[in-house]
Amino acid sequence: MAGSITRAQIAKIHVLAAERGLDNDLLHELVNAETGRDSIKALTIPEAILIIDRLQGNGTPKGMASPRQKRFIEGLLKSIGWVREDGKPDIARLEKELLQKKFKVDSYKWMTVKKASEAIEALKDMQARARASG
């Protein structure tokens, strides 16, 4: 059996999460998605290493939206006109008007595969309505 997480690992996880703007709830969502555990203190050393790697940006976390899903969402945002002045997808609007209200997801960055799929379907519906009325 792998050893229990060390104090240094716990501290590093919290520092990295803070640096990336993750609140306690988002951090625990990440931990649960990656390891199935509900507590950081319950992690093993290898699981802690995995969480640290994810927080450092090494790979797409298990269960989180894929880069392909995110690119598709960004394309849909452009097609429905949710763009910033510079022409890039308006992620802030997506978060405020769809993710937070309908899917209870605070950040685009931390969508799960399931929530990303649901957001894609909602955006496709919006796109179809815009085409029908336009």
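The table that follows gives values for the structure above.
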quantity: Anchor K124: lysines whose Cα lies under 30 Å away (excluding residues fewer than 8 positions away in-chain); calculated: K62, K70, K78, K88, K96, K101, K102, K104, K109, K114, K115
quantity: Positive dipole terminus of the chain, leading residue within Q9, I73, V105 (C-beta point charges); calculated: I73
quantity: Order of T35, T44 - criterion: other Cβ atoms within 10 Å of each residue's Cβ, fewest first; calculated: T44, T35
quantity: Cα-centre dipole for the chain with unit charges at Cβ (Lys and Arg positive, Asp and Glu negative), debye to 20; calculated: 300 debye
quantity: Footprinting exposure proxy for S133, S107 (fewest neighbouring C-beta atoms within 10 Å first); calculated: S133, S107
quantity: Residue among V105, V15, V31 with the largest mean-square fluctuation in a Gaussian network model of the chain, springs linking Cα atoms under 10 Å; calculated: V15
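We did not get these values from a lab; they are worked out from the coordinates using the rules stated. All figures in this text were calculated on a predicted structure; none of them were measured in a lab. Because the Cβ atoms are built from the backbone with ideal geometry, glycine has one as well, and the counts that use them run over all protein chains shown.
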